[in-house]
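Note sheet for the following structure.
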Amino acid sequence: MDRALKIKMNKRNCRIYPFYRMLSYDYLFYFSINFLFLTQVKQFSASDAVLLTSLYSLFCVIVQLPVTLIIDKFGKKHTLVLANVINVISTVLIIIGDSYSTQVLAQFLSAIACSTKTVVEPSLLNKFLPVSPKKGKLFSRIEGKGLSLYYYLDAITAFVSGFLFKVNPYLPLILCASMQAIAFFLSFSFVDIRTKKTNDNRTSKAYVRDLKSGIKFILKSNRLKSLLLFAGFLTGTLAIVTVSQTNILNSIDIPIEWIGIIAAGYRILSGIASNNQLSFHEKFRNKSLSIIGTTISIALISVGLTMILKIHFIFTIIVVIVLLGIISVCRGLFHILISRYLGNFMSVKMGEKIFSLSSLINHLFNMSMCFIAAQLLNVVDVGISVFVLGCAILMITLAIIRYMKDKVGLQPNEYEKEELVHAPEYDKLVNR
């Protein structure tokens, strides 16, 4: 492809990406009421509802190999289109499935779709951008715009969902499937610029070989080991918050209509945070992830403690709502910053391996941590559960931060050369 045409197509892709991301990032209309839908409409226990998230993460791990092979075989655009189709089907199954096994099947299909999207979407954006000292900022700006638009739209849908749930609990899911259908059509707009065709017939053995080379590179890179460990653990922590948030608000007697309004407020906070993550990064630099991780941990401990003490009804509601809002701000900052840090100093090819391995590690953490949370809910109430988990998460977070010290957040010329050689264009960054 002509270089000028390639640049033109990449600019077009970058313009489309934020709006596609806005519609496809997550299940609009559904996540603010999913816990209530599963427990009140489908009549599952709280533990079973949380366990579905753990099973989803297990499925994501299982499908990682075939999904990556499909991406290599058919290209990023075609697999992205397919993933969006499967997303719609999974939502339809959630609507019509009254048995737990049907809900498990829905989670399996969702795992296929989301595993594909998790690898393809950031890798596509990384591929669209030219290698330069400003690539990290460009990635953050475009990804930040897409996520902030998503959070604002999600705020509107969360606000509406609470009222729609009272009218008919199936309405939010019907609208969710409609948003996914629009994302499916929008995914056709991307131009997948494929410069090489040697990977089209890649076998599972070749994938495993590439995976091993990626793992070997990571094991040699203190920076990537630190980032992947932190990313996995904090992603698991946020997964617990996501599946527990409605349960927490419901347990302190907040009506469903107000839960939707509160959830909308949280989405707005996340959107504002994601839109300002560059300023946050510029201010705190290599302390950014440490601040985010410890803040989330302390907020969780405080939520659990407030629910256990039950000092006063109004006091409990205000404190819990504010603390969950702080976690929402951290969520908006974290998802963009960690994608930026993982993609720094990487070629497109190595970046795909890193994002794929990151997805695999994240789901392993999600599976393990949500399973522990589900089992804990079988033994104690939600307040004690959140407090215990918060204490454990804080201790592990501090240990990871200590391990990360002097490994993350350095200047390009402060890293060992072998951590950067997968992007020859970055030689000038190291030597400038």
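Numerical summary
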| quantity | calculated |
| --- | --- |
| Per-region count, segment 353-406, residues surrounded by 17 or more Cβ atoms within 10 Å (Cβ to Cβ), of a type outside the set (A, V, I, L, M, F, W, C) and at pLDDT below 90 | 7 |
| Where a residue in segment 294-314 is in contact (Cβ under 8 Å) with a residue 24 or more places away in the chain and its partner, wherever it lies, is of a type outside the set (A, V, I, L, M) and assigned to a loop (DSSP other than H, G, I, E, B), with Cβ under 6 Å and at least six apart | none |
| Only one of I89, I156 that is within 22 Å of T242 (Cα to Cα), more than 16 Å from the chain's Cα centre (by Cα) and surrounded by fewer than 23 Cβ atoms within 10 Å (Cβ to Cβ) | I156 |
| Count - residues of segment 56-74 that are surrounded by 18 or more Cβ atoms within 10 Å (Cβ to Cβ) and in contact (Cβ under 8 Å) with a residue 60 or more places away in the chain | 8 |
| Some residue of segment 327-334 being in a helix (DSSP H, G or I), at pLDDT below 95, of a type in the set (D, E, K, R) and closer than 26 Å to N250 by Cα | yes |
| Any pair with Cβ under 8 angstrom, 6 or more apart, that starts in segment 9-35 at a residue that is closer than 30 Å to N247 by Cα and touching a residue at least 24 places away in the same chain (Cβ under 8 Å) and ends at one that is surrounded by fewer than 22 Cβ atoms within 10 Å (Cβ to Cβ) and of a type in the set (V, I, T) | L23/I182; F29/V160; F31/T242; I33/I256 |
| V160 touching a residue at least 60 places away in the same chain (Cβ under 8 Å) and in a helix (DSSP H, G or I) | yes |
| Evaluation of V61 against (1) within 17 Å of the chain's Cα centre (by Cα); (2) hydrophobic (A, V, I, L, M, F, W, C); (3) over 20 Å from F365 (Cα atoms) (one fails), failing number | (3) |
| Residue match in segment 196-211 (condition: modelled with pLDDT of 85 or more, surrounded by fewer than 20 Cβ atoms within 10 Å (Cβ to Cβ) and not in a helix (DSSP H, G or I)) | no |
| Output for segment 269-315, where each listed residue is more than 23 Å from the chain's Cα centre (by Cα), part of a helix (DSSP H, G or I), of a type in the set (V, I, T) and surrounded by fewer than 21 Cβ atoms within 10 Å (Cβ to Cβ) | I308, I314 |
| Only listed residue being assigned to a helix (DSSP H, G or I), within 19 Å of L52 (Cα to Cα), modelled with pLDDT of 80 or more and over 16 Å from the mean Cα position of the chain (by Cα), chosen from T246, T235 | T246 |
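The values are calculated or read from the model by the stated rules, or taken from the named source; none is laboratory data. Bear in mind the structure is a predicted one, so any value in this text is a computation, not a measurement. Reconstructed Cβ throughout: ideal geometry from the backbone, glycine too, with neighbour counts over all protein chains shown.
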